[in-house]
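*Asks:* This is the structure I want to talk about, given as structure tokens.
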Amino acid sequence: MGAFCPQCGKPVGPKDQFCSNCGAPLESAPAQGERTVPPGPDPQAGPQPGSQPGPQPWQAGPSGSQGQPFGQPFGQSGGGAAGPGPMGIVPGIDPDASLLDKIKADFTTQGRLNRKRFWIRSLIGGSVSLVADSLVASRSDALSVIGIVLYVALCIYNLFVEIRRCHDLDKSGWYLLWLLVPFVNIYVGIRIFFVSGTAGPNRFGDDPLQRDGLW
């Protein structure tokens with residue numbers, strides 16, 4: 001059997017200096033009848049560069065954007081009832097915090113709001129609405145402007161509160177758009193005010209009933 005090119009394995013003549021197929025140099029022609037094959041990777045050389053696979057999604061650390069266990073979206077980690085929970089942020093307030101601090105913490109769309117806490121915020125919002133209406137109806141232009149600003153702020157606050165109440169029902173904030181549909185808005189309003197939320201965590205956060213207190 002003739003010799004073969006060590007590069008492509010094609011037969012070569014004993015006096016050929018270059019392979020007629022791939023052009024590889026044949027400086028030292030192989031012995032007659034000896035077949036040479038391209039050398040493979042040295043098993044003793046260790047892993048080759050680029051052969052190590054990268055970290056798999058399920059192997060990422062807790063601070064990475066991959067590999068987070070189900071129930072911890074957006075890079076949130078587990079925590080107590082007054083902080084980030086395993087299903088999302090449930091705003092927790094220090095019981096000794098002032099009412100103003102508690103109201104400021106409500107300007108968020110994250111987490112859930114159960115019925116009792118929603119009613120308390122609705123009562124406060126209704127009281128503020130009466131004050132705003134009286135200011136707007138006053139004969140003073142300055143007081144009317146203050147009343148309008150107060151009323152706009154109250155509308156924004158109520159929107160955040162209602163969105164979190166929808167989250168407690170395992171509905172997104174877009175659920176509030178049904179309030180614009182006649183007759184359907186009655187059903188949706190009853191659900192928002194009187195139907196209990198999801199028992200246990202849902203996709204929007206921990207069960208707010210797991211936290212003590214009225215706020």
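Where a number appears in this text, it was derived from the coordinates with a stated rule and is not lab data. Since we're looking at a predicted model, the values are computed, not measured. Neighbour counts are summed over all protein chains in view; Cβ atoms, including those assigned to glycine, are modelled from backbone coordinates with ideal geometry.
*Asks:* Size of segment 169-215 along its principal axes in angstrom, Cα-based, largest extent first?
*Replies:* 37, 21, 16
*Asks:* Using modelled backbone amide H atoms (1.01 Å from N, in-plane), which distant-in-sequence or interchain residues come within less than 5 Å of Phe4's amide H?
*Replies:* Under 5 Å from the amide H of Phe4 lie the amide H atoms of Val12, Thr36, each far enough along the sequence or on another chain.
*Asks:* Rg over Rh of segment 91-215, using C-alpha atoms and the Kirkwood radius, what does it come to? Working shown, then result.
*Replies:* Details: Rg = 15.8 Å, Rh = 15.6 Å.
The Rg/Rh ratio comes out at 1.02.
*Asks:* Now for a different question. Show me 115-121, 15-21, 164-170, 146-152 ranked by packing, highest mean number of other Cβ atoms within 10 Å first. Mind dumping the intermediate values first?
*Replies:* Numbers: 115-121: 17.6, 15-21: 12.4, 164-170: 22.9, 146-152: 14.9.
Per-residue Cβ counts within 10 Å, averaged per peptide and sorted highest first, yield 164-170, 115-121, 146-152, 15-21.
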